[in-house]
Amino acid sequence: MNDLFFLDFPFKSVNVYNRWGQLVFNTKNNGAHWDGRTTAAQIVPDGTYYYIIETEDEIYKGYLQLLR
């Protein structure tokens with residue numbers, strides 16, 4: 001069971017979007033993680049969330065399933 005979406009490699013930015021394409025979380029801080037809250041610390045509902053991770057060399061895209 002994963003409690004956090006944590007990246008253990010250097011990145012330029014991480015953006016997490018809900019199913020309607022609204023940005024719910026973003027960071028440029030390499031020590032940050034996503035715990036199912038918005039950038040303003042509001043809890044988001046269960047569901048599928050999409051991420052875009054930008055590094056110096058590549059852009060990674062994928063999805064997360066949030067279950068509480």
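Could you check segment 1-33 and list, in sequence order, the residues that are closer than 17 Å to Tyr50 by Cβ, among the polar types (S, T, N, Q) and surrounded by 11 or more Cβ atoms within 10 Å (Cβ to Cβ)?
Ser13, Asn15, Asn18, Asn26, Thr27
Does Ile59 satisfy the condition of being aliphatic (A, V, I, L, M), out of contact with any His (no Cβ under 9 Å at 6 or more places or on another chain) and loosely packed, with under 12 Cβ neighbours inside 10 Å?
Numbers: aliphatic (A, V, I, L, M): yes; out of contact with any His (no Cβ under 9 Å at 6 or more places or on another chain): yes; loosely packed, with under 12 Cβ neighbours inside 10 Å: yes.
The answer is yes for Ile59.
Residues of segment 53-68 being at pLDDT 95 or above, closer than 15 Å to Phe25 by Cα and among the aliphatic types (A, V, I, L, M), which ones?
Passing the criteria: only Ile53.
Any idea how many residues of segment 23-68 are assigned to a strand (DSSP E or B), under 11 Å from the mean Cα position of the chain (by Cα) and within 17 Å of Ser13 (Cβ to Cβ)?
So the count comes out to 15.
The values are calculated or read from the model by the stated rules, or taken from the named source; none is laboratory data. Fair warning: this is a prediction, and the values are worked out from it, not measured in the lab. Ideal geometry is used to build each Cβ from the backbone, glycine not excepted, and the neighbour counts take in all protein chains shown.
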